[in-house]
Amino acid sequence: MAPASKADRKAALDVASWMFNVVTSVGIIMVNKSLMASYGFSFATTLTGLHFTATTLMTVVLRCLGYIQPSHLPLPDLIKFVIFANLSIVGMNVSLMWNSVGFYQIAKLCMIPVSCLLEVLFDKVRYSRDTKLSILVVLVGVAVCTITDVSVNARGLIAATIAVWSTALQQYYVHFLQRKYSLGSFNLLGHTAPTQAASLLLLGPFVDYWLTKKRVDAFNYNVVAVFFVVLSCTIAIGTNLSQFICIGRFTAVSFQVLGHMKTILVLVLGFFLFGREGLNFHVILGMLLAVVGMIWYGNASSKPGGKERRSFSMPSDKSQKDGLLSESGLEKV
């Protein structure tokens, strides 16, 4: 009974972690869409800096409460992670500005094969035929329901390339650092969030002015707009934490594949909240294909040989146990 109960507990935590990420991610997209579309707050990079400031405050509180134990992350690894993460944020914003919506969506879909390549190269992961086919079905499904017009230009292609690779590297690095240094999600956020907050708040206003030709300090901060900014920062705490939890429990590839469920949910909510004129047969077909692919991927990757690491130097048994113990605080989230 002990192994079965342990497996059930892990499955329950996996589902809870994933639902936590889905709810917070979809929630923050809806809030940010209202904030930017209805109130004109178009300073995405600065807003992300505020998100990490709120997350930093959360880690300080958790450290005082004893949920975050003292841990070590070497400065070179921290700097590399922050560079990848900040390039991802700025790259995505620039890619969206310089590219058509269709090409922007294609670039986002490219993160899955790039993440697969990183796992194959660095973790020696081998995917079964069913796992590969299920990923392909997800990609096709999401492409069918999200890609409309597609136009490419040189600077847009460069921005999209930087965005895709930096995002894939950032997500891979989350999983890598947690394993290498036996860091729980709280601990890793405690190391990275302050540096990201400081760097984005410093660079954000300049990047946003470059992208929008508007100054963040000249924005009309009325009560409603400030409320939505605070709400966005509050939800972002859960989004940032749940991303680290999910990538730590799964992998960057699984996070990307299952993450397209959020794309489907955002589309559905968008149709109901902001108008249904874009809802048609091929969009519904794409959604169904994507969902089938996600279910198939979950089954295929969990089978023996579906997704396995051929050879990789893992931490010692003791450090793995310490890492699991540090993650046990997640039950209290």
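Can you confirm whether Val226 is open to solvent by less than 70 Å² (accessible area, probe 1.4 Å) and either over 28 Å from Val174 (Cβ atoms) or not aliphatic (A, V, I, L, M) (or both)?
In short, yes.
Residues of region 119-147 being among the β-branched types (Val, Ile, Thr) and touching a residue at least 24 places away in the same chain (Cβ under 8 Å), which ones?
Result: Val125, Thr131, Ile135, Val137, Val138, Val140, Val142, Val144, Thr146, Ile147.
This table checks each residue for (1) open to solvent by 30 Å² or more (accessible area, probe 1.4 Å); (2) at pLDDT 90 or above; (3) under 17 Å from Trp296 (Cβ atoms).
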{"position": "Met97", "(1), (2), (3)": "yes, no, no"}
{"position": "Tyr104", "(1), (2), (3)": "yes, no, no"}
{"position": "Val114", "(1), (2), (3)": "no, yes, no"}
{"position": "Leu118", "(1), (2), (3)": "no, yes, no"}
{"position": "Asp123", "(1), (2), (3)": "no, no, no"}
{"position": "Asp130", "(1), (2), (3)": "yes, yes, yes"}
{"position": "Leu136", "(1), (2), (3)": "yes, yes, yes"}
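If the requirement is being farther than 22 Å from Met261 by Cβ, open to solvent by less than 40 Å² (accessible area, probe 1.4 Å) and either part of a helix (DSSP H, G or I) or touching a residue at least 12 places away in the same chain (Cβ under 8 Å) (or both), which of these qualifies: Val150, Val164, Val174, Val82? Talk me through it step by step, then tell me what you get.
Values: Val150 fails: open to solvent by less than 40 Å² (accessible area, probe 1.4 Å); Val164 fails: farther than 22 Å from Met261 by Cβ; Val174 fails: farther than 22 Å from Met261 by Cβ.
Every option except Val82 fails the conditions.
Scanning for something at positive phi and surrounded by fewer than 18 Cβ atoms within 10 Å (Cβ to Cβ), does region 44-60 turn up at least one residue?
no
Tally time: how many residues in region 62-79 are in a helix (DSSP H, G or I), at pLDDT 90 or above and open to solvent by less than 80 Å² (accessible area, probe 1.4 Å)?
Of the residues in region 62-79, 2 are in a helix (DSSP H, G or I), at pLDDT 90 or above and open to solvent by less than 80 Å² (accessible area, probe 1.4 Å).
How do the pairs read when you match residues in region 286-308 that are over 12 Å from Ser134 (Cα atoms) with residues anywhere that are open to solvent by 80 Å² or more (accessible area, probe 1.4 Å), using Cβ under 7 Å and keeping only pairs 6 or more apart or on different chains?
Glu308/Arg126
The values are calculated or read from the model by the stated rules, or taken from the named source; none is laboratory data. No experiment lies behind these values; they were computed from the predicted model shown. Heads up, the Cβs are rebuilt from the backbone with ideal geometry, glycines too, and the neighbour counts pull from every protein chain shown. These area figures cover heavy atoms from the full protein model, side chains too; ligands, DNA and RNA do not enter into them. Shrake-Rupley method; radii C 1.70, N 1.55, O 1.52, S 1.80 Å.
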